[in-house]
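Input: a single structure, listed below in structure tokens.
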């Protein structure tokens with residue numbers, strides 16, 4: 001059974017293809033069901049005898065494997081590129097290694113190509129494209145009969161144009177054929193309403209060369225000293241406190257949904273191991289760990305997906321397109337602080353799964369960029385793409401006051417907004433820059449922690 005937005009988008013895409021438009025760009029919030037949409041469009045094109053084969057490209061093996069499973073089920077056939085298969089799911093990286101025989105064979109058929117998370121591929125022309133963009137421009141763009149581009153976060157941190165995308169003039173925003181925002185998805189009960197907890201510390205002090213400086217927030221410390229955000233996410237007390245909040249919330253959710261899970265996004269393999277030890281030893285949690293250094297990470301993710309293990313700790317393996325609906329709590333402890341990555345990580349806990357408790361909680365530190373990203377989620381901005389209807393003007397405002405969607409007002413005033421005072425004993429920690437394998441020449445001392453809770457799209 002298709003969701004309303006999937007039905008509407010698939011019909012529009014098919015109509016566009018029948019009207020001799022060969023490319024369609026859909027932007028739908030992470031967790032909304034873009035893979036099912038793509039498989040549905042592929043099924044209709046095959047049924048209507050508009051294509052012979054289907055190819056899907058995505059940014060990672062994890063996502064590619066999920067696409068393979070979904071297309072096999074919806075198309076009711078194998079989707080591994082073997083004999084009798086209707087198509088294949090591949091990574092963008094694999095494009096440059098496919099043989100000339102592969103491309104020659106495809107040129108004899110009508111091919112529908114799906115580009116998942118297309119924002120990974122940049123370039124409006126070959127000379128200015130990244131490697132993946134170049135492969136699409138030279139090997140696929142002219143070969144495919146129809147193409148479908150999908151993205152949950154259709155912008156790039158380097159501000160380069162997305163391959164095959166169109167941009168409005170003069171503001172330069174990407175123009176999509178269909179848009180489905182997080183605010184819409186929450187209103188339709190397609191995605192969970194996110195709650196973001198920004199953890200701060202009101203009495204920080206740094207001692208360097210025998211001199212101590214005090215600060216009232218993480219933001220103030222990072223602005224006025226040479227201390228890096230790395231020093232915060234690697235601080236033992238800070239890690240334990242943030243993970244403790246995540247464990248407490250996960251326990252509350254599991255009281256209603258016994259197999260609910262939590263994700264920790266770590267900064268490095270060593271960081272992930274430290275986090276795993278804290279969860280296991282201090283909080284008695286069951287933990288899986290998956291990083292690029294671990295053998296067969298796909299199998300580990302699949303084991304976690306089907307188990308009732310409480311936590312999975314990841315380094316770069318579970319950020320976008322990975323479908324684990326039982327994830328409802330996330331501790332964001334990565335050193336990557338781009339809005340693209342933040343939104344992708346948040347998307348891992350937004351997929352609804354039919355359980356009684358559908359809360360989604362993300363815990364992170366009150367660093368300047370992360371504060372800004374959280375506030376934009378609260379407002380469902382930035383409006384990085386525009387919604388274009390055929391024959392009508394471009395519009396981007398989907399909601400007015402009649403929707404009864406609002407943000408919960410502040411409970412207690414604080415420097416940043418909603419806060420809860422939580423006392424914590426003083427403790428001195430030597431800061432280590434594990435990522436650079438360099439021990440810092442200062443000590444970081446933490447005082448009382450406080451929280452700001454952002455509740456986005458909660459209806460009255």
Point to revise | By average C-beta atoms within 10 angstrom, highest first, the peptides 71-79, 141-149 | key: 141-149, 71-79
Review point. Hey, fewest Cβ within 10 Å first, where do 103, 5, 311 land in order?
Key: 103, 5, 311
Revision key, fill the gap. Ordered by fewest other Cβ atoms within 10 Å, a rough proxy for footprinting exposure, 294, 271, 22, 120 read 22, 294, 120, 271
Practice item. Compute the normalised compactness of the range 4-180: alpha-carbon radius of gyration over 2.2 N^0.38 Å, N being the residue count. Key: 0.97
Point to revise | Peptide ranges 105-112, 56-63, 214-221 listed from the most packed, as the mean C-beta count within 10 angstrom indicates | key: 56-63, 214-221, 105-112
Revision key, fill the gap. Of all DSSP beta bridges with both partners in the range 45-156, the antiparallel percent, nearest 5, is 5 percent
Practice item. Assuming a ≥ b ≥ c are the square roots of the Cα gyration tensor eigenvalues, decide whether the range 275-318 counts as rounded (a/c under 1.5), prolate (otherwise, with a/b larger than b/c) or oblate. Key: oblate
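Bear in mind that the values in this text are calculations on the coordinates, not laboratory data. Please read all numbers here as calculations on a predicted model, not as lab measurements. Backbone-built Cβ (ideal geometry, glycine too); neighbour counts: all protein chains shown.
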